[in-house]
Amino acid sequence: MSSEIVLPATVRVPAPAATDPPAAGSVRQKLEFRSGNEAAALAAKHIGFHIMGYFPITPSTEVAENLSKMQADGEHEILLIAGDGEHGAAGICYGAALGGGRVLNATSSQGLLYSLEQLPVQAGTRVPMVLNLAARTISGPLDIRGDHSDVYFALNTGWIILCARDPQAVYDLNFAAVRIGEHPDVRLPVMVTYDGFFTSHQKRRIQVFDDLEPVRRFLGTRPDFPTPFDMDHPKTFGPYMNDPDLINNKVQLSRAMESARHVIPEVLAELQAMTGRSYPMLDAYRMDDAEVAVALVNSAAETAKETADELRARGQAVGVLSPNVLRPFPSEEFRSALRRVRAVTVGDRADSYGADGGNLSLEIRAALQVDDENHTRVVSRVYGLGGKDFYDKDAEHFFALATEAATSGHVATPFAYHGATPGKPGGGPRPGLPPILAEETGGTAHVQVDENTGRLRVELEPMWKMTSVPSRIAPGHGACPGCGYFPTFHQISRVLEGDIVVLYQTGCAMVVTTGYPNTAHRVNYVHNLFQNGAATLSGLVEMYHERVRRGELPKSKDVTFVMISGDGGMDIGMGAALGTAHRNHPLMILEYDNQGYMNTGAQLSYSTPFGHRTSTSEVGKRAPGKRYHHKDTAQIFAACHLPFVFTASEGYPEDLMRKVAKAQWYAKREGTVYGKILSFCPLNWRTTDDAAAPVLQAAIDSCFFPLYEVERGHTTLTYDPEAADRRRPVSAWLELMGKTRHLLKPENAALVANIQAEVERRWRRLKAMHESPEL
Ligand SMILES: Cc1ncc(C[n+]2csc(CCOP(=O)(O)OP(=O)(O)O)c2C)c(N)n1
Ligand code: SF4
Ligand SMILES: [Mg+2]
């Protein structure tokens, strides 16, 4: 570090005066206190998109959540469609945008990556829309905080990419994004990217439009691009294309990007006239006479500006560059800003592994390289990964690196990581509690084949004996008090025999049981993202058997492979799970159904029942909670003709354990088994921590969640509330939870009747299957 090397300042430029409130534009505005996500949602409301397709992922989820709340209060008319995953959400958006209306999406990290293959499809067919990307690091390992590793994956998709350094820019650039993308010379989808948590969650004072009429004039209506709705003039969207059409098609896309270089400044100038705020392609701070500079994308640049002010006060001629637009890349702007700069440190919040620099530094180098007059030294540093803060001392170090290069005329270390630490000696993952050995398990459930029916009979040891079986999860997890997952898993664990390999998909159960360097698992544990766990376990189980077959692993081991998923994992991961089921790999898939995406703040899943309140199915004068009925996942897997499918609940432990014992028997001998287990979530069901028993019992007694099994195609109800004379109306269940209490208001009587009718229909069907072995 060489912060003591100081360049003499040629000209002292006074620091700009504070700009709060910002210069007034022509349109009436008002001051609000908003985070980046709130700013994006507010802009969406003011723009009045037709449709938003989305799938929740931290830290962008709040955009949809805020819009859901506003929708419930009747503040906008945007149709919000929760995708079955980001790939589905991107498909929804593509279709909707092709249909001619204005379309919005918001995502982050794996969400962007999961939709990635759709992005070039949309750019290639030139269909505009707006996507807000609250940037977050990509897996693995999983980390929810911000860097630009997701943004950099989008660079080659053909989307325009705008960068918003603060919530004000998020708000403003969303309006610009609509106009830029829809310009006839551009016709491309546009991404507005801002930093996860730093910008998405931190509130700032921002100016928002107080008069929407001029905004409507600015936005105009979406131009009439071809849609599949013109029945008199049918068109083919997305034909198969061969040489030379493909390259000619791509050159058009490339030209559209070039056109954007002119369109973006025009649109931003119009916006500036309205707001008083300026967004040049490249934000150049105190660069007029700068001799050294730092270049950064988004929020870190604001820190660097403050440091630049301090260094200027000490006589150093420094400045900061930060692109407001990443695609098209402002090459000419960088060239001219850096022409007289002797050295620049470029900070990348993501690496392009093996390329000797992150994308920003590579692209700045490429821009300078075609300028004969340019002799700027470029120092490249990767910083701030996984949300690591970028403080003024970091900025100072970046300036010092550039200063050193400028003074010596040489860059000693052109590329390095900034902020990585060697770790402590003896570090690494901490061993959990001692492993649970196969010998310590088993003997609690005795499974026999019934000669007459060919189905299984299970005898359980008395419950008191079960408690002596050690659980495969150690105490000390981070779940909420009363969380249903743990009693459920302990019950499962007590009957599973032999060695177990578990695969957890992302969700509460995963997040609260592992957090590097700790683990609560006392058996082999694997995590994969919840769109692909079942496929991963398929590969793992097959490799195990193949290696046993080849004599590479001992035959003597008795291993069962178990996947644990939430209900959300059975939305986004349904395709992979169905693939596993149809291939019939010998493994168990156990879904704990807590009726929502709880780990990310209780958004609706497709298993969320009708009318229930979640953070994306809000309740208000215009919205009564979720608007469609819950997914019948068990029946979907029954339709795969698996050897064994069941439903269960922690409230009926013996029933659950019997089914798990059967499930293990089938998973080891015949193929995939599936279990859906209703799992209590006091936090998001809005009950007290100790309410599991009455709430689960009411769900079962109202026949909302029937307990049954489908064994070799035969459906058996394992508990019949009617036969037990305990049948209750669904209202008796709904009244027990805060998330459903609104349904009991007189004005919602029709909704409850609707829920009751659907529950009744599904129950009668199930009962008929129970009564007739042919069904
Ligand atoms: C591709 C992708 N999209 C979204 C997310 C964010 N995410 C992580 S867990 C989760 C919800 C999981 O819901 P569920 O499977 O029901 O488990 P729960 O949290 O309710 O236990 C979501 C939306 C992600 N990690 N990856
Ligand atoms: S949010 Fe719900 S499911 Fe998640 S840990 Fe808390 S109680 Fe359990
Ligand atoms: Mg869930």
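For the range 624-775, the alpha carbon convex hull comes to 114 Å³ per residue, rounded to a whole number. In whole percents, the pair-distance distribution calculated for the range 169-228 from its alpha-carbon pairs, binned every 10 Å from zero, is 18, 41, 30, 10, 1. Note on residue 670/residue 121: beta-carbon distance plugged into 1/(1 + (r/R0)^6) with R0 of 41 Å gives a FRET efficiency of 0.55. Prolate is the label for the chain, because the ratio a/c of its alpha-carbon gyration tensor axes (a ≥ b ≥ c) is 1.5 or higher and a/b is greater than b/c. Hull volume per residue, based on the alpha-carbon atoms of the range 194-254 and their convex hull, is 216 Å³.
Separation of the range 505-576 from the range 302-345 is 48 Å, based on Cα centroids. Among the GluC sites (Glu not before Pro) in the range 434-463, which ones are in a DSSP loop with at most 13 other Cβ atoms within 10 Å of the Cβ? Mind listing them? Of the GluC sites (Glu not before Pro), the ones in loops of the range 434-463 whose Cβ has at most 13 other Cβ atoms within 10 Å are 451.
Helical runs (DSSP H, four residues minimum) scored at -39500 (n - 2.57) apiece and divided by the length of the chain put the mean residue ellipticity at 222 nm at -11000 deg cm²/dmol.
Taking a point 7 Å out from the Cα of residue 628 in the direction of its Cβ, the residues of the range 76-120 whose backbone N falls within less than 19 Å of it are 78-99, 104-106.
Computed in the context of the full set of protein chains, the accessible area of the chain at 1.4 Å probe radius has 53% of its extent on carbon or sulfur.
At full extension, residue 288 and residue 373 could sit 28.9 nm farther apart than now, given 0.36 nm per residue minus the alpha carbon distance.
Only lysines eight or more places from residue 555 in sequence, or on another chain, were considered; those with a Cα closer than 20 Å are 668.
Length gained on full extension, residue 542 to residue 26: 179.1 nm, using 0.36 nm per residue less the C-alpha separation. The listed residues 465, 626 rank as 465, 626 when sorted by accessible area, largest first, using a 1.4 Å probe.
Principal-axis analysis of the Cα atoms of the chain puts helix 392-408 at an angle of about 50° to the longest axis. Which lysines have a Cα lying under 20 Å from the Cα of residue 424, excluding residues fewer than 8 positions away in the same chain? Within the straight-line cut-off, residue 424 pairs with 388.
For the pair the range 456-483 / the range 641-696, the C-alpha centres are spaced 13 Å from each other. The slack in the chain from residue 440 to residue 688, taken as 0.36 nm per residue of separation less the alpha-carbon distance, amounts to 85.7 nm.
What do the square roots of 5 times the Cα gyration tensor eigenvalues come to for the range 424-555, in whole Å, largest first, as semi-axes of the equivalent ellipsoid?
The answer is 28, 22, 16 Å, longest axis first.
Rounded to the nearest 0.05, the FRET efficiency derived from the C-beta distance between residue 407 and residue 203 at R0 = 60 Å is 0.90. Assuming a ≥ b ≥ c are the square roots of the Cα gyration tensor eigenvalues, decide whether the range 321-372 counts as rounded (a/c under 1.5), prolate (otherwise, with a/b larger than b/c) or oblate. Because a/c hits 1.5 or more and a/b exceeds b/c, the range 321-372 counts as prolate. Within the shell of other residues whose beta carbon sits under 12 angstrom from the beta carbon of residue 714, the net charge comes to -3, with Lys and Arg scored +1 and Asp and Glu -1.
Using a 1.4 Å probe and counting only protein heavy atoms, arrange 159, 464, 665 so the residue with the most accessible area comes first.
Putting 159, 464, 665 in descending order of accessible area: 464, 665, 159.
Per residue, the solvent-accessible area of the range 351-415 (1.4 Å probe, heavy atoms of protein chains only, all protein chains present) comes to 45 Å².
Taking Lys and Arg as +1 and Asp and Glu as -1, the other residues whose beta-carbon sits under 14 Å from that of residue 139 total -2.
Set the bar at 19 Å for Cα to Cα. Now go through 45/621; 69/676; 305/393; 69/631 and name every pair that lies beyond it.
Long pairs (Cα-Cα over 19 Å): 69/676; 69/631.
Against the main long axis of the alpha-carbon atoms of the chain, helix 359-369 sits at an angle near 30°. Probing with 1.4 Å while keeping every protein chain in the model, the per residue accessible area of the range 632-775 equals 39 Å².
For the range 702-775, trypsin sites (Lys or Arg not before Pro) are listed when DSSP marks them as loop and at most 16 other Cβ atoms sit within 10 Å of their Cβ; the list is 712, 726, 727. Rounded to the nearest 0.05, what FRET efficiency do residue 549 and residue 430 have when you use their Cβ-Cβ distance and R0 = 41 Å? Efficiency for this residue pair is about 0.70. Averaging the sequence gap over all C-alpha pairs within less than 8 Å and six or more residues apart, then dividing by the number of residues, gives the chain a relative contact order of 10 percent.
The values are calculated or read from the model by the stated rules, or taken from the named source; none is laboratory data. Treat the numbers as computed from the prediction; the structure is a model and nothing was measured. Methodologically, a virtual Cβ is constructed for each residue, glycine included, from the backbone with ideal geometry; neighbour enumeration extends over all protein chains shown. With ligands, DNA and RNA removed, areas are computed over all heavy atoms of the protein, side chains included. Shrake-Rupley method; radii C 1.70, N 1.55, O 1.52, S 1.80 Å.
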